[in-house]
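Visitor: Let me begin by handing over the structure; questions about it come next.
The values are calculated or read from the model by the stated rules, or taken from the named source; none is laboratory data. None of these values were measured; they are calculated from a predicted model. Cβ atoms come from the backbone with ideal geometry, glycine included; neighbour counts cover every protein chain shown. Just the protein is used for accessible areas: all its heavy atoms, side chains included, with ligands, DNA and RNA removed. Shrake-Rupley method; radii C 1.70, N 1.55, O 1.52, S 1.80 Å.
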There are 2 protein chains.
Amino acid sequence: MRDFSADHRWLSLNTATVRKQGDLADIIEACARHGIRAIDPWRDQVAAIGLDRAVRAVRDAGLELSGYCRGGMFHRIEARDDNRRAIDEAKALGAPCVVLVVGGLPQYSRPGSAASKDIVGARTQVDDAIAEMMLYAREAQMSLAIEPLHPAYAADRACVNTTAQALDICDRLDPKRTGALGVALDVYHIWWDPELLPQIARAGRDRLLAFHVCDWLVPTTDILNDRGMMGDGVIDIKSVRSAVEAQGFAGYSEIEIFSNDWWGKPMDEVLRTCIERHRSVV
Amino acid sequence: MRDFSADHRWLSLNTATVRKQGDLADIIEACARHGIRAIDPWRDQVAAIGLDRAVRAVRDAGLELSGYCRGGMFHRIEARDDNRRAIDEAKALGAPCVVLVVGGLPQYSRPGSAASKDIVGARTQVDDAIAEMMLYAREAQMSLAIEPLHPAYAADRACVNTTAQALDICDRLDPKRTGALGVALDVYHIWWDPELLPQIARAGRDRLLAFHVCDWLVPTTDILNDRGMMGDGVIDIKSVRSAVEAQGFAGYSEIEIFSNDWWGKPMDEVLRTCIERHRSVV
């Protein structure tokens, strides 16, 4: 397991963590100030400053990308074209993968749809849509990273809710493990899973495309936007990182915190805390 | 699958559903008014009116019990004696099983304990404690029903979070399927699980000791106390009931709704709505 205690060269910042404190250009400047080497930007943040400017800002700052957030939401009518644009943008920005949040029941992914309770059907549609998206992604040589989301989001955000389920999709759609399809594992979504360690072993290096950290707070006061800073909650983050690294994962440890609390603090304070906690508890 | 549309003879009321509107005696009277034949009372509600009075009230009203809530919380110092008392009370009240909510990390189940992030260790302790509780339960001929709780409660309420995990415990501790140990399945906790249907089939009739219903609301504004009335959320309740009945389950469909919203309404209105929805969407 890599030693993170002496520096933060393997820290990547998911830019949603400070989305309320500035635009993507501000965030990239702040990363430079704090010696952060990598980011995972969100599409809306890229769109807000323009793709060309984002590409230049990333390049000028010498930043790497640990991913691009996000594709998916497959039940939307415009999903196909939109996901192709996500791949093009990821390519322009130099991202290694597009993170997929697949969408939940159609009425939440596509407001106005007839109300459905058919989560099994929603899951089947996701399989088909990923298969289709892979055709375009392969041409672009862009990997797709399915992110299983915590079961609390099964209805409205993602009907892929366990690592096993995400890996089942990988096995069906990329049985030869070409690297075209894998998983993005966020400790927030998976820490509770009794099958976590065997499933990480099952994933293996070629399916482990991204590793995200934050923490689970008790109590959690908002199911969406009350994620904790690493060390403030109950997740044994080091043990999960140890498991992914035991498979050969050697990429960035990406910090992604959706938090009304942390969004209310100055950007420099958030980044200083991220760096400290990356060194001490990640 | 049984037809529930014509009457509510298979409706049981978990008494927490109206815990704010009256004491257990009031609730039992209300059940009689509404022709509800069964309840699942909570220990604190029994204690509040006294066990003897509760036993008499249940008997005088001709009520059956679909369970007794609850045992577990195994990380507490006093858990062993307390769980034995729960079994004695369940026996006195004529309950078919004690529902087990096993507890989460020790600092939440036992305030004052050292903070732990070792959910694997917590799970091992639960196995051991259930094994011990079974010795006393067997003498009393009382079944224990492990209730897997939604992963959102893994830290603070129960570290058993999937049906598969609960059934693994059953297989380890009661491999001969004597009926001493089984599961209480609440659609709220399990509806999202990609493994739900195969695990219900794996459980089989002898492990299916209780079936609870309510609904998952979108958005969920409070992770503990914002459960929905059946039909107001996204759970395909009929399909889950169909799966448990396909295994031979023929017991009560128990309504358990923790809801700040429903606790604010008159008891008779809540029970009328429960009966309506039991007939139309359960």
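Visitor: Could you check region B:161-185 and list, in sequence order, the residues that are β-branched (V, I, T), open to solvent by 10 Å² or more (accessible area, probe 1.4 Å) and more than 10 Å from every other protein chain (Cβ to nearest Cβ)?
Guide: Across region B:161-185, the qualifying residue is only B:T178.
Visitor: Just name the residue that is farthest from A:W42 (Cα to Cα) out of those in region A:59-106 that are among the aliphatic types (A, V, I, L, M) and within 14 Å of chain B (Cβ to nearest Cβ).
Guide: Across region A:59-106, the extreme among qualifying residues is A:L105.
Visitor: Return the pair list, or none, for Cβ contacts closer than 8 Å from residues in region A:107-136 that are away from every other protein chain (no Cβ under 13 Å) and touching a residue at least 60 places away in the same chain (Cβ under 8 Å) to residues that are open to solvent by 80 Å² or more (accessible area, probe 1.4 Å) and part of a helix (DSSP H, G or I), at least 6 apart or on different chains.
Guide: Sorted first by the residue in region A:107-136, then by its partner, the pairs are A:M133/A:R80.
Visitor: Could you check, for region B:56-75, whether at least one of its residues is in contact with a Lys or Arg (Cβ under 7 Å, 6 or more places away or on another chain), over 30 Å from B:L105 (Cα atoms) and of a type outside the set (S, T, N, Q)?
Guide: For region B:56-75, residues in contact with a Lys or Arg (Cβ under 7 Å, 6 or more places away or on another chain), over 30 Å from B:L105 (Cα atoms) and of a type outside the set (S, T, N, Q): present.
Visitor: Inside region A:56-79, can you point out the residues that are among the aliphatic types (A, V, I, L, M) and either surrounded by fewer than 18 Cβ atoms within 10 Å (Cβ to Cβ) or modelled with pLDDT under 95 (or both)?
Guide: Across region A:56-79, the qualifying residues are A:A61, A:M73, A:I77, A:A79.
Visitor: Something else about it: Does B:L208 satisfy being open to solvent by 40 Å² or more (accessible area, probe 1.4 Å) and either away from chain A (no Cβ under 14 Å) or in contact (Cβ under 8 Å) with a residue 24 or more places away in the chain (or both)?
Guide: Here the answer is no, as B:L208 does not meet what is asked.
Visitor: Suppose we filter region B:224-254 for residues that are assigned to a loop (DSSP other than H, G, I, E, B), without any contact (Cβ under 8 Å) to a residue 40 or more places away in the chain and polar (S, T, N, Q); how many remain?
Guide: Residues flagged as assigned to a loop (DSSP other than H, G, I, E, B), without any contact (Cβ under 8 Å) to a residue 40 or more places away in the chain and polar (S, T, N, Q) within region B:224-254 amount to 1.
Visitor: Okay, next question. Within region A:224-235, track down each residue that is closer than 19 Å to A:D40 by Cα and open to solvent by less than 30 Å² (accessible area, probe 1.4 Å).
Guide: Answer for region A:224-235, where residues must be closer than 19 Å to A:D40 by Cα and open to solvent by less than 30 Å² (accessible area, probe 1.4 Å): A:R227, A:G228, A:M229, A:M230.
Visitor: Would region A:242-249 turn up any residue that is open to solvent by 10 Å² or more (accessible area, probe 1.4 Å), among the aromatic types (F, W, Y) and under 28 Å from A:S143 (Cα atoms)?
Guide: Yes, there is a match, as at least one residue in region A:242-249 is open to solvent by 10 Å² or more (accessible area, probe 1.4 Å), among the aromatic types (F, W, Y) and under 28 Å from A:S143 (Cα atoms).
Visitor: Here is a list: B:C97, B:C69. Which entry is touching a residue at least 12 places away in the same chain (Cβ under 8 Å) and farther than 21 Å from B:W262 by Cβ?
Guide: When all the criteria are applied, what remains is B:C97.
Visitor: Against the definition (away from chain A (no Cβ under 14 Å), touching an Asp or Glu at 6+ places or on another chain (Cβ under 8 Å) and either modelled with pLDDT of 95 or more or on the phi < 0 side of the Ramachandran plot (or both)), how does B:V244 come out, yes or no?
Guide: no
Visitor: Just to be sure I understand, how many residues within region B:137-160 are within 14 Å of the chain's Cα centre (by Cα) and either over 21 Å from B:R85 (Cα atoms) or within 14 Å of chain A (Cβ to nearest Cβ) (or both)?
Guide: 7
Visitor: Got at least one residue in region B:270-277 being in a loop (DSSP other than H, G, I, E, B), open to solvent by less than 50 Å² (accessible area, probe 1.4 Å) and either farther than 18 Å from B:G35 by Cα or away from chain A (no Cβ under 14 Å) (or both)?
Guide: Scanning region B:270-277, I find no residue that is in a loop (DSSP other than H, G, I, E, B), open to solvent by less than 50 Å² (accessible area, probe 1.4 Å) and either farther than 18 Å from B:G35 by Cα or away from chain A (no Cβ under 14 Å) (or both), so the answer is no.
Visitor: Now for a different question. For a quick check of your reading: which helices (runs of 4 or more DSSP H) sit entirely within region B:72-168 and have at least 3 residues that are over 30 Å from A:V282 (Cα atoms)?
Guide: B:79-93, B:119-139
Visitor: A further question on this structure: Are any of the residues in region A:186-205 away from chain B (no Cβ under 13 Å), touching a strand residue (DSSP E or B) at 6+ places or on another chain (Cβ under 9 Å) and open to solvent by 10 Å² or more (accessible area, probe 1.4 Å)?
Guide: Taking every residue of region A:186-205 in turn, none turns out to be away from chain B (no Cβ under 13 Å), touching a strand residue (DSSP E or B) at 6+ places or on another chain (Cβ under 9 Å) and open to solvent by 10 Å² or more (accessible area, probe 1.4 Å).
Visitor: Is it true that B:K238 is within 12 Å of chain A (Cβ to nearest Cβ), more than 21 Å from B:P151 (Cβ to Cβ) and open to solvent by 30 Å² or more (accessible area, probe 1.4 Å)?
Guide: yes
Visitor: Within region B:217-230, how many residues are touching a helix residue (DSSP H, G or I) at 6+ places or on another chain (Cβ under 6 Å) and at the interface with another protein chain (Cβ under 10 Å from one of its Cβ atoms)?
Guide: Count: 1.
Visitor: Related question: Among the residues that make up region B:214-223, is at least one of them open to solvent by less than 30 Å² (accessible area, probe 1.4 Å) and among the polar types (S, T, N, Q)?
Guide: Yes - at least one qualifying residue is present in region B:214-223.
Visitor: Which ones in region B:25-55 are in contact with a strand residue (DSSP E or B) (Cβ under 9 Å, 6 or more places away or on another chain) and open to solvent by 60 Å² or more (accessible area, probe 1.4 Å)?
Guide: The one that is in contact with a strand residue (DSSP E or B) (Cβ under 9 Å, 6 or more places away or on another chain) and open to solvent by 60 Å² or more (accessible area, probe 1.4 Å): B:R37.
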